[in-house]
Structures are given as structure tokens and as C-alpha cells.
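The structure appears right after this line, and notes come after that.
The values are calculated or read from the model by the stated rules, or taken from the named source; none is laboratory data. Predicted model only: the values in this text are computed from it and were never measured. Every residue, glycine as well, gets a Cβ built from its backbone with ideal geometry; the counts of neighbours run over all protein chains shown. Calculation scope for accessible area: heavy atoms of the full protein, side chains included, ligands and nucleic acids excluded. Shrake-Rupley method; radii C 1.70, N 1.55, O 1.52, S 1.80 Å.
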Amino acid sequence: MNDEIGIKRRFGKSAKTYDNYAEIQNQVALTLNKQINKSAPENILEIGCGTGLLSTEIVKKYPDANFTFTDNSKAMLGTAEQKLCKQFPKQKAQFTFEILNPEKGMGPQHQEKYDLIISSMAIHWFNDILNSLKSIQSALTQTGTFHYSTIGPDCFKEWRETLKALQFDNGLRIPPELPGIIKNETISVPYGSAKDFLKGLKLTGAHSPKPGYIPLTSPQLKLAMNKLEETHNAALSWHIIYGQLSSTTSIK
């Protein structure tokens, strides 16, 4: 299956269950929102809005702005639209909802520049993250800023260590070194069981493996799950990084 199609399909299937299992994603969105202190932005773009976790907070913060909410999944975008228009009926005329994949360029509809671009827990799904960041950066005004959160290199280190000890490959999509990092945090989550950990990933759509990954067989997966519980008691670490780019930030 094409990687982009696979990601769309998995997130689309999880649109109805996402909010019930996205405790960490919601926590990260709240943290990212606190770091955004742009003065009265007129036009705001969100990349990968999902079901609208960060969207809700940013509308509260900037009620007079014009918003363009985008996602690569039609189902996720539809859920966000329904949620935001219901929660902010007086502002829905300020909302635009679009399917967008920055890896394919911003497109002619984004020739108008944005004072603020935001993205929470989305950019690690891009296969070419650095070029995608350049594409996003090109949509900023001269004084505009892009604020993002994403997983860091130590995310789920316990799961990766478990797989490595068994000489199994892992399918995690870990970003390269990113520009503009301003904060790191590690959030430890006691899942209770390996099954609950993997279930949480599936029901938030966050289980698309890196391109070329060959999934574990059922016996291999069972062995890895048992070992994760034995060695780490199914407690896993989310490593989250937060960054900020301007229109002139160097992206190599």
C-alpha cells in the first residue's frame, strides 16, 4: 500500500475514537499552545489539525483571527469542522477547512501568507520532513512564525530496546534532527500492558510504520509484548520536542 494512502486510511478509521485515546496528544497541544505568544495574528494556518485538539485552544486565544485548518485525512478534518463550528458558532465564518499535504507543496490557495502557522504531533508523519518544513516556511509572512510539536528521538525507547534485544526491527517514524527546537520533555505513561499500549496507537491512528518496514509475525509480536511487560512493566516514555521557526530560520 502507498505510504500516504496508508496513513490517511489509518487516521481516517480512528477519527471517531481519537479523542478518547489521545490523552498525550491533548497534553502536548496544551503545552504547545502556552508557548505561542504571537501578537494579534490576522491569518492562522494549522497543519495536521486532526480532530481539533490544538485548534480549539488557538481559537480561544485568537478569537478575531481568520483560520485555515488542514489535514491529510478527510475524516479527521470533518470531525474537526463539526467540533469547531459547534463550539464556536459565532466565529465559523472565520474558519476554512482544507485537505493539505505540505510534502506536495502548499498550493496556489496558500499564496496568501500567514502570520502564524501551527502544527501539533503531525510533522513526523512526513517522509521528507525538512523539505516539508521549507514548504511550510514559505507560507509565512516576513514576521510570521511556525510553532510545532512532534516526537523526539527517544520516543518509546523502552519498546525499541525490547525489539532490539530480540533482534527485531522497529517501524517507528523518528524524525531527523530538526531546526528551531526550544523545549524537550519526556512523559512516562504506565500502560499496564503491551496490548493497551499498542491499542492506544491503533485507536489514534498512530500506527503507520516507516516506509519499507516488514511487520512482525504474530509469534514475534507476542514475544515482544511479553518481554516489554517483563522488563519495563509496559511503562513507556513519550519524548516530545517543541520548536519555533521564522521565515528566515535556516533549514538544512
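What to note about this one:
Results for (1) open to solvent by less than 60 Å² (accessible area, probe 1.4 Å); (2) more than 15 Å from the chain's Cα centre (by Cα); (3) at pLDDT below 95; (4) among the acidic types (Asp, Glu), shown as yes or no for each residue.
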site	(1), (2), (3), (4)
108	no, yes, yes, no
117	yes, no, no, no
125	yes, no, yes, no
139	yes, yes, yes, no
151	yes, no, no, no
173	yes, no, yes, no
181	no, yes, no, no
198	yes, yes, no, no
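- The single condition among (1) surrounded by 15 or more Cβ atoms within 10 Å (Cβ to Cβ); (2) part of a helix (DSSP H, G or I); (3) over 21 Å from the mean Cα position of the chain (by Cα) that residue 160 does not satisfy is (3).
- Looking across the range 210-234, the residues that are surrounded by 13 or more Cβ atoms within 10 Å (Cβ to Cβ) and either in contact with a Gly (Cβ under 7 Å, 6 or more places away or on another chain) or under 30 Å from residue 118 (Cβ atoms) (or both) come down to 210, 213, 234.
- Top-ranked residue in the range 238-248 [being open to solvent by 10 Å² or more (accessible area, probe 1.4 Å) and touching a helix residue (DSSP H, G or I) at 6+ places or on another chain (Cβ under 7 Å); ranked as nearest to residue 117 (Cα to Cα)]: 247
- Where helices (runs of 4 or more DSSP H) fall entirely within the range 1-100, those with at least 3 residues that are surrounded by fewer than 21 Cβ atoms within 10 Å (Cβ to Cβ), modelled with pLDDT under 95 and under 17 Å from the mean Cα position of the chain (by Cα) are at 3-13, 18-21.
- Hits in the range 125-160 - residues which are touching a Pro at 6+ places or on another chain (Cβ under 9 Å), closer than 19 Å to residue 55 by Cβ and not polar (S, T, N, Q): 136, 139, 144
- Residue 103, sole failed condition from (1) modelled with pLDDT of 95 or more; (2) surrounded by fewer than 21 Cβ atoms within 10 Å (Cβ to Cβ); (3) not aliphatic (A, V, I, L, M): (1)
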